[in-house]
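Engineer: Below you will find the structure I want to go over with you.
The values are calculated or read from the model by the stated rules, or taken from the named source; none is laboratory data. This structure is a prediction, so every number in the text was calculated from the model and none was measured. Positions of Cβ are generated from backbone atoms using ideal geometry, with glycine treated the same way; all protein chains shown enter the neighbour counts. Please note that ligands, DNA and RNA were not included when accessible areas were found on the heavy atoms of the full protein model with its side chains. Shrake-Rupley method; radii C 1.70, N 1.55, O 1.52, S 1.80 Å.
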Amino acid sequence: HKELKVKVPMVELFRATTIRELSRYIKNAVREQHSALECVEKKEYYILSSAQERLYILQSLDDTGIGYNIPAVLELSGGIDEEKLEKVFNRLIGRHESFRTSFMMINGEPVQRIHDRVEFKIELLEGREHGAFDSFIRPFDLTHAPLLRMRLVKTGEASYLMMLDMHHIIADGVSMGILVREFSILYGSGNEQTLPELRFQYKDYSEWQRRVQPHGMGADSTNAQAVYWRKQFEGDIPVLTLPMDFTRPVIQSFEGQAIRFELDKEHSRALVELAKQEGATLFMVLLAIYQILLSKLSGQEDVVVGTPTAGRIHADIQYIIGMFVNTLALRDFPVGAKPFNIFLNEVKERTLAAFENQEYQFENLLEELNITRDSGRNPLFDTMLSFENMNIPGRGDHNSAIIM
């Protein structure tokens, strides 16, 4: 879009499967000017993006909760220079304004403030020390930057665990990949010039989003994306009714259990081959299987599943650390009489259309639908399928599917 002034819909990448076919589409497409980001003037406070505003409100409802923390642990080996490690992270904090951002209410509106400097120290502990792993993941005070903490635990003669925790309002999964890559480059070379230039910061994006999409994509009732999402949820909206062991709580809780497992090579290969045969993606195959499972458990043939999308649809924001994620509500109809390949094709078409309309913010959809809020459950959907392929160095070629 930026280079050729042509927006290529995702569905066209499935239709035009070669460079030659794609070039024909681009040649015949209508030119559409790319809306570039602009560096905003320095101010005391800046408006929030839609994603930031969503998280600010959610965190304010439970300011002692850790549901929106992003913890990570990296294994380090060899001679670690602890002083150099802290210097590298302070350089990264200086490079990315998100790490120097705090949040507050001004005149009844949530805003963000970018600090010129923040104090950041790495906690150093021996692995054998009592409580080395305790109390690390704890609530953040959004009014105090940085919303990032780090602990280095020495577990052996030349082995360490680097523990990171940050609040979701300043970063997302893709940001974690950016952080790890830039840390590796800086610690290895010590030369910041080896990193791509950051022409823009997150505040430039949030101002652009509000300028190009005033009050979110849903503000204009004639907006094509708003029309698309309204149509998806015409009529009665299904409420998932799963078997329960206990009475649903009056106020929603994040208490629960995690079950982790890995598919072996044989089953993984079979799923990938199925996706290829049907012209779908692995995410679409897993989504179709998951929705069938929910249908079998609930006896319902109209199912809504949430999924997060990276939201990095603009060429100028690929190297920015920040919160860009939006949530999509995917509604499909796993009718028992349908052959699986027919249902998978329906899921494919609906998923492509949903991602083509991903700029429409989830909050605007909820307002548009005027859904009655229930403190005991999420609005619009009760389960999510998160397919993570964030390209974090050191994690290999693994894809993770998380069901919540």
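Engineer: Taking His96 and the conditions (1) out of contact with any helix residue (DSSP H, G or I) (no Cβ under 9 Å at 6 or more places or on another chain); (2) crowded, with 16+ Cβ neighbours inside 10 Å; (3) under 29 Å from Gln358 (Cβ atoms); (4) of a type outside the set (Asp, Glu), which numbered condition does it fall short on, given that it satisfies the others?
Structural biologist: (1)
Engineer: Looking only at strands (runs of 3 or more DSSP E) that lie completely in the stretch 118-214, which have at least 2 residues being surrounded by 15 or more Cβ atoms within 10 Å (Cβ to Cβ) and touching a Gly at 6+ places or on another chain (Cβ under 9 Å)? Full working, then the answer.
Structural biologist: Numbers: elements: 123-126, 148-156, 159-167.
Strands (runs of 3 or more DSSP E) meeting the threshold: 148-156, 159-167.
Engineer: Another one. Restrict the check to the stretch 67-82 and report whether at least one residue is assigned to a loop (DSSP other than H, G, I, E, B), modelled with pLDDT under 90, open to solvent by 60 Å² or more (accessible area, probe 1.4 Å) and not aromatic (Phe, Trp, Tyr).
Structural biologist: First, the residues of the stretch 67-82 that are assigned to a loop (DSSP other than H, G, I, E, B): 67-68, 78-81.
Add one more test, that the residue is modelled with pLDDT under 90, and what stays is 67, 78-81.
Now drop any that are not open to solvent by 60 Å² or more (accessible area, probe 1.4 Å), which leaves 79, 81.
Then keep just the ones that are not aromatic (Phe, Trp, Tyr); that gives 79, 81.
Scanning the stretch 67-82, I find at least one residue that is assigned to a loop (DSSP other than H, G, I, E, B), modelled with pLDDT under 90, open to solvent by 60 Å² or more (accessible area, probe 1.4 Å) and not aromatic (Phe, Trp, Tyr), so the answer is yes.
Engineer: If I filter the stretch 9-40 down to residues being β-branched (Val, Ile, Thr), modelled with pLDDT of 90 or more and not in a helix (DSSP H, G or I), which single residue comes out as nearest to the chain's Cα centre (by Cα)?
Structural biologist: Start the filter on the stretch 9-40 by keeping residues that are β-branched (Val, Ile, Thr), which leaves 11, 17-19, 26, 30, 40.
Now restrict to residues that are modelled with pLDDT of 90 or more: 18-19, 26, 30, 40.
Going one step further and asking which of them are not in a helix (DSSP H, G or I), we end up with 18, 30, 40.
On the way: Thr18: 29, Val30: 31, Val40: 25 Å.
Only one residue tops the list, namely Val40.
Engineer: Quick one: which of Ile259, Ile317, Ile313 is open to solvent by less than 90 Å² (accessible area, probe 1.4 Å), without any contact (Cβ under 8 Å) to a residue 60 or more places away in the chain and over 21 Å from Pro379 (Cα atoms)? Before you say what the answer is, go through the steps one by one.
Structural biologist: Values: Ile259 fails: open to solvent by less than 90 Å² (accessible area, probe 1.4 Å); Ile317 fails: without any contact (Cβ under 8 Å) to a residue 60 or more places away in the chain.
Answer to the check: Ile313.
Engineer: Could you grab the pairs with beta carbons closer than 7 Å, sequence gap of 6+ or different chains, first residue in the stretch 339-354 and more than 19 Å from Gly306 (Cβ to Cβ) and among the charged types (D, E, K, R), second one modelled with pLDDT of 95 or more and part of a helix (DSSP H, G or I)?
Structural biologist: Nothing qualifies.
Engineer: Looking only at the stretch 328-338, count every residue that is in contact (Cβ under 8 Å) with a residue 40 or more places away in the chain and either open to solvent by 70 Å² or more (accessible area, probe 1.4 Å) or closer than 15 Å to Gly306 by Cα (or both) and tell me the total.
Structural biologist: Within the stretch 328-338, residues that are in contact (Cβ under 8 Å) with a residue 40 or more places away in the chain and either open to solvent by 70 Å² or more (accessible area, probe 1.4 Å) or closer than 15 Å to Gly306 by Cα (or both) number 4.
Engineer: I'd like the full set of residues that are at pLDDT 85 or above, open to solvent by less than 30 Å² (accessible area, probe 1.4 Å), part of a loop (DSSP other than H, G, I, E, B) and under 26 Å from Phe254 (Cβ atoms), limited to the stretch 354-380.
Structural biologist: If the condition is that a residue be at pLDDT 85 or above, open to solvent by less than 30 Å² (accessible area, probe 1.4 Å), part of a loop (DSSP other than H, G, I, E, B) and under 26 Å from Phe254 (Cβ atoms), then Gln358, Gln361, Leu380 are the ones that fit.
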